[in-house]
Amino acid sequence: MPTATVNATRMELTRLKGRLKTAIRGHKLLKDKRDELMKQFLEIIQENRALRRRVEEGLMQAHGSFTVAAALMSPEVLEQALLYPKQSVEVEMTFRNIMSVNVPVYHFQTKGHQGGEIYPYGFATTSCEVDGAVEALSSVFQDMLKLAQVEKASQLLAAEIEKTRRRVNALEYVMIPRMEESIRYISMKLEENERNNIIRLMKVKDMLLAQAMEEKRQQDQAALQASP
């Protein structure tokens, strides 16, 4: 029995069959989308793990070099050496479409006064450990930006997967069974009405036949009475 009131008419049956066909097609498309999103998500997760490992290693190396440099140099000299950077970084963001999900793509470029020079200090007053720390940070920066991009993409894809999963479940376990139940109910009602109509027609036919036989009998009796 359908949960909502349904008009047991052929027009309603045709409409529900059309909706059911559309729902089944949409369910298949959403399942394909969910599966492809899961595939893309797993690939991004693997890339995320590799990037995070490289970033953590680079940051640990830079932190270790800075720790040694801080032990060898006075805080004032270290701060003065790193106070004015030689390069500036510009970041631009575009978007890439993955299964109707717009994920950000970060592009960066460095600008400096002396080409590729990354050391903002003179080498005479600083420790070589500072050079290693600055170089490590410069090397890991691109991976850090890529990691931010990948993690944002994984968050957006996870949200889209969850939304698509809810839609698939709603179609599979709620809407499609409800429409199938309504179609069965209307079909049974129409068949029952058709059987009732046939029974009524048969009764009317029997009544007409009995009436015709009665009239024929009366006519025969009248003819017998009228004969000499």
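The values are calculated or read from the model by the stated rules, or taken from the named source; none is laboratory data. Treat the numbers as computed from the prediction; the structure is a model and nothing was measured. We work out accessible area using only protein heavy atoms, side chains counted, and drop any ligands, DNA or RNA first. Shrake-Rupley method; radii C 1.70, N 1.55, O 1.52, S 1.80 Å.
If you model segment 1-44 as an ellipsoid using its alpha carbon gyration tensor, with each semi-axis the square root of five times an eigenvalue, the axes come out at 36, 11, 5 Å, biggest first. Helical content of the chain, expressed as a calculated mean residue ellipticity at 222 nm, amounts to -26500 deg cm²/dmol (DSSP H runs of 4 or more residues, -39,500 (n - 2.57) each, divided by residue number, nearest 500). Karplus-derived 3J(HN,Hα) values for segment 153-162, using 6.51 cos²θ - 1.76 cosθ + 1.60 with θ = phi - 60°, are 4, 5, 5, 5, 5, 4, 5, 5, 4, 5 Hz; glycine and proline are entered as x. Prolate is the label for the chain, because the ratio a/c of its alpha-carbon gyration tensor axes (a ≥ b ≥ c) is 1.5 or higher and a/b is greater than b/c. Remark: the chain carries 70 Å² of accessible area per residue (probe radius 1.4 Å; ligands, DNA and RNA excluded). How far is helix 10-72 tilted off the main Cα axis of the chain, in degrees rounded to 10, range 0 to 90? Helix 10-72 sits at roughly 10 degrees to that axis.
Between helix 176-226 and the chain, what is the angle of the helix's C-alpha long axis to the longest principal axis, kept within 0 to 90° and rounded to the nearest 10? The helix 176-226 is inclined about 10 degrees to the chain. For V105, nonlocal amide neighbours, meaning residues 5 or more places apart or on other chains whose placed amide H falls under 5 Å from its own, are T94, F95, R96.
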